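Bear in mind these aren't lab numbers, they're just calculated from the coordinates by the rules spelled out. Note that the coordinates shown come from a computational prediction; the quantities given were computed from them, not determined experimentally. Heads up, the Cβs are rebuilt from the backbone with ideal geometry, glycines too, and the neighbour counts pull from every protein chain shown.
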Amino acid sequence: MKKKRIAPVLIIAAGLLLTFIAWAWSCLFARADVNRSKYPVFGVDVSNYQGDIDWDTLEAQGVQFAFIKATEGSGHTDESVRRNLERAAQTGIKVSCYHFFSFDSAGETQAENYIGSVSPDEIQLPPVVDIEYYGDKRHSKPSLSETEEILRPLLERLEEYYGVKPIIYTTIPVYYRYVRKSFPDYPLWIRCTQAEPDMLVDWTFWQYTDKGRLEGYFGEEEYIDYNVFCGSEEEFFSLYK
């Protein structure tokens, strides 16, 4: 009798595992097909690699929000952040800035680096912390405790200063290793360039391709990242006034 009771549980577990594997496989090897009627709010993210940006031209092509790189680690500032913020402010595009997280320096000093570069009145969306593998981190992964010891004070300091929970940008592998259990209540901006990530991830923004092309930027990078908001235009503009 016990075996018969266990069997349905095993079947359900196996089904969930297969579903997850299929979804993870699609995020690695398929190509995202974005339903723009389902996700009508379109945006981009930029850094110094996009060079000199004509923000009016981006807005004319339907860009409604943008994430601008501001800082990295405890000492680096993107050289285009001031220019991008000032020019974007002359448009109707809602913006925020993102900080590239370092596994190698204290969260408190990383937060101060960002705060020193981005004024609260310059951004309409929450600040963003971009956590992803770099260098040898993919092969020599920092532990969960080491990462949390840096990431938590960074997020808490930004929330204290800007008065809103920061958005966490990350990839699928990094999300499951560092974010899902330790930081479940933060808005998520997920990178998944191969498939819609809504099966197992509760996301607010989705970066669905890094091979977009628009008119209006003149840097060494020919592509620009495309993103959508998870919701309607009414929801977007009521949430980010």
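Tabulated data
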{"quantity": "Three semi-axes of the equivalent ellipsoid, the chain, Cα gyration tensor, whole Å, largest first", "calculated": "32, 23, 17"}
{"quantity": "Region 141-212: trypsin sites (Lys or Arg not before Pro) in DSSP loop, at most 12 other beta carbons within 10 Å", "calculated": "181"}
{"quantity": "Rounded FRET efficiency, nearest 0.05, which uses the C-beta distance separating residue 238 from residue 38 and R0 of 22 Å", "calculated": "0.75"}
{"quantity": "Percent antiparallel among DSSP beta bridges (both partners in region 66-186, rounded to 5)", "calculated": "15"}
{"quantity": "Among 202-209, 52-59, the order from most to least packed when residues are scored by Cβ within 10 Å on average", "calculated": "202-209, 52-59"}
{"quantity": "Ranking of 76, 139 by count of other Cβ atoms within 10 Å, fewest first", "calculated": "139, 76"}
{"quantity": "Share antiparallel - DSSP beta bridges, the chain, percent rounded to 5", "calculated": "35"}
{"quantity": "The chain: calculated mean residue ellipticity at 222 nm from DSSP helix runs of at least 4, using -39500 (n - 2.57)", "calculated": "-10000 deg cm²/dmol"}
{"quantity": "Volume in Å³ per residue [convex hull over Cα atoms, computed for region 140-198]", "calculated": "90"}
{"quantity": "Three-way shape call for region 22-163 based on the alpha-carbon gyration tensor, with the a/c threshold at 1.5", "calculated": "oblate"}
{"quantity": "Kirkwood Rh and Cα Rg combined as Rg/Rh, region 171-231", "calculated": "1.05"}
{"quantity": "Cβ-based exposure ranking for 229, 42, 237, in which fewest neighbours within 10 Å come first", "calculated": "237, 42, 229"}
{"quantity": "Axial C-alpha extent at least 30 Å, average Kyte-Doolittle at least 0.5 - helices from the chain (DSSP)", "calculated": "2-29"}
